[in-house]
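Where a number appears in this text, it was derived from the coordinates with a stated rule and is not lab data. Keep in mind the model is a prediction, meaning the values are calculated, not measured.
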């Protein structure tokens, strides 16, 4: 079988091509992960017709098989990342935040590691994205965080933890410091809690907008008036 490929220079090369079921199946799994396609796509009649035309030799895996392949990739990548974190000789910084799903109204915690590898390249990896049941108390959040640290075996390599500046997070940090009392933290943990500068800036801007809220509201009302009809908008543009 011949295959046409385009080079970096824009030329077209004709090469021999041998179909491989495992390679094609792996690329299908990677495509589903990359583009967040639903697992049910392998059951769609349109996808079956397309693959029958593109490559009739390819045996389309079932939905359950696709799920198992994705979980195998996750386990492989997780083990590889865990090995990288264990091999890293430097400290690991953490960032975390709570996120609420719009449809289900459920809270999720995201935990990300940041570290410099042996080639002096900054690496950032999400190690946990997990549902946290209500109520989201400081003790609950601290327990979820510690479970993650123990799971990845990095509680003894921490440098800082960056979080939003709020009372619940402040209390959570105090609980975490008690849990990590036997771990060698930098400066005895005095610099462990880093308050998110972007969140602080957001609070400053919100307070500033409250001061000028009357002016902002008048501007919005004026814009709403002049854009409420094509006639008004055309008249405004003619001024």
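Seen from all directions on average, the range 158-231 presents a Cα convex hull projection of 7.6 nm². Between the range 182-237 and the range 116-137, the C-alpha centres lie 27 angstrom from each other. For the range 7-147, the equivalent ellipsoid derived from the alpha-carbon gyration tensor has semi-axes of 38, 24, 14 Å in decreasing order. In plain terms, the bigger the Kirkwood radius, the slower the diffusion; for the chain, with that radius from Cα pairs, at 20 °C and 1.002 mPa s, Stokes-Einstein puts D at 91 µm²/s. Estimated translational diffusion coefficient (Stokes-Einstein, Kirkwood radius over Cα pairs, 10 °C, 1.306 mPa s) of the range 102-205: 106 µm² per second.
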